[in-house]
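A short write-up of the structure that comes next.
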Amino acid sequence: ATVDKMLRKQSVASEVRSMSKEGDLNRHTYLSSTQTSGGKNFLEDQSNGHDSSEPSPDIIPLKVTSVLPYGVNRGRVEQIIKAMNAPLALVGDMKIADLVVTTKNYHRRGTQALINAEKLGKPVFVLRRNTVNQIEQFVKAVVRENQGKSVSEADRSLAVLEAERAAYRIGKGEGEIELRPQNSHLRRLQHQVATQYGLGSSSMGREPKRRVILHGN
């Protein structure tokens, strides 16, 4: 466990996450040691929130993510979570938080609270600014990542297969083809299939009936 590693003065991996201008999730994993004052050694950079590990074939229920805002307007975050009906809950205790959200300004300061978060192995989301738009993108990114974890391998395979069959039919001369409604994680996979086949794609409708349409370029 992370705490055991800290007691034995072993290095603990921590993760800092940020978002691109397009709203994609970028991960940066660092190695923090209890023997240093929060020094970081860059280990790896995983872009767009894709986990290289093999997904579990079992469906994992979408859990509520505990978030600790640090240097971010708590009331504003609460309002956005409620407005989006997102499975996030704000907490004030670092030990029970699943992740920490802060701003670039606070992260640059390297405050003791953020150093403690890294020692505990807590992921840290870094917002460029303390604005409504940035907070909304953060909430969407967390929900999108959790949706990916809650989808079974069978669902992934079926969604990709449906898109591949549609791409084949379009290649044979059909016009645009509307796919079945999927969550954002599976829609993103279907958009990737369209790109691989040199086709165009777009999404239409509102959740939970939002779906992908494939068409020729």
>> For segment 153-215, I need the span (max minus min coordinate) of the C-alpha atoms along each principal axis, in Å, sorted largest to smallest.
In response: 30, 25, 15
>> So if I place +1 on the C-beta of Lys and Arg and -1 on the C-beta of Asp and Glu, and nothing else carries charge, what would the dipole magnitude of segment 153-215 be about its Cα centre? I want it in debye, nearest 20.
In response: 160
> What order do you get for 198-207, 153-162 when each peptide is scored by the mean count of other beta carbon atoms within 10 Å, highest first?
Replying inline: 153-162, 198-207
> Under a point spin-label approximation (7 Å from Cα along Cα-to-Cβ), what is the GLN79-VAL64 distance to one decimal in nm?
Replying inline: 2.2
> Given a Förster distance of 22 angstrom, what is the FRET efficiency for LYS172 paired with GLN192, based on the Cβ-Cβ distance and rounded to 0.05?
Replying inline: 0.55
>> If I stretch the segment between MET204 and ARG165 completely, what's the gain in nm (0.36 nm per residue apart, minus their alpha carbon distance), one decimal?
In response: 12.1 nm
> If r is the Cβ-Cβ distance from ASN217 to ASP155 and R0 is 22 Å, what FRET efficiency results, to the nearest 0.05?
Replying inline: 0.20
>> Once each part is reduced to its C-alpha centroid, what is the distance from segment 71-103 to segment 116-149 in angstrom?
In response: 9
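Each reported figure results from applying straightforward, stated rules to the coordinates on display, with no laboratory input. For clarity, every value in this text was computed on a predicted model and none was experimentally measured. Don't worry about glycine lacking a Cβ; one is built from the backbone with ideal geometry, like all the others, and counts go over all protein chains shown.
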